Structure formats: structure tokens, C-alpha cells
Amino acid sequence: MPAIKSESNQPDASETLSDTELIRRLDHLDEIAHRTQQQVSEILEFISEHKPALARGLSLMDPGAGLRKLITGKGAKH
């Protein structure tokens, strides 16, 4: 599908990039993508390693959850 030509996407002669500048910018974007992927991998590793502690911590954020379960009859009965 050909690109739609409009005033907003027309390259201006003063905005034309040299091959060197284009390569530099692409390398920069590649570095950012690699760094982001590394950070996401570290976060996923942290979550999987600390899953039990994270679950306990999240349960503390909603202290009324157990009481609501008892009221609705979904909780354990003593």
C-alpha cells in the first residue's frame, strides 16, 4: 500500500538525513529497544522469584477481602 502524501509527512529538503545520521539514529533506537527488553526480563525474573511474598503483600493492600468472603459465604467456615 503506498503511503498517503500530505503536507505533514513530506520530507523537507532541510530535514533530509545523511546515511551516517540515519545509521546513528537507528543504532540509538536499537540500543533503547535492547535496554528495554533487558529491563522487562529483569522485572519478570524478579516477579517469578518473589511471587509468594508479592502475593502476601498484595493481600495486605485489601484487608477486607477475607471479611467479604465470609459475609458472602465463599470463605472457610469455622
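Taken together, the values in this text are just the output of simple stated rules run on the coordinates, not laboratory data. All figures in this text were calculated on a predicted structure; none of them were measured in a lab. Cβ sites come from the backbone with ideal geometry, for glycine too, and all protein chains shown count toward neighbours.
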Practice problem: Could you check the simple spin-label distance between Lys69 and Glu31, using points 7 Å along Cα→Cβ, in nm with one decimal? | Solution: 5.0
Quiz item: Along region 27-37, what does the Karplus equation 6.51 cos²θ - 1.76 cosθ + 1.60 (θ = phi - 60°) give for ³J(HN,Hα), rounded to whole Hz, x for Gly and Pro?
Solution: 4, 5, 5, 5, 5, 4, 4, 5, 4, 5, 5
Quiz item: So which trypsin sites (Lys or Arg not before Pro) in region 31-78 end up in coil per DSSP with only 11 or fewer other C-beta atoms within 10 Å?
Solution: Lys74, Lys77
Quiz item: HN-Hα J couplings of region 50-62 from phi, Karplus 6.51/-1.76/1.60, θ = phi - 60°, integer Hz, Gly and Pro as x?
Solution: 10, 4, x, 5, 5, 5, 4, x, 5, 5, 5, 6, 10
Quiz item: Contour minus end-to-end for Glu49 and Ile23, with contour as 0.36 nm per residue of separation and end-to-end as the Cα-Cα distance?
Solution: 5.5 nm
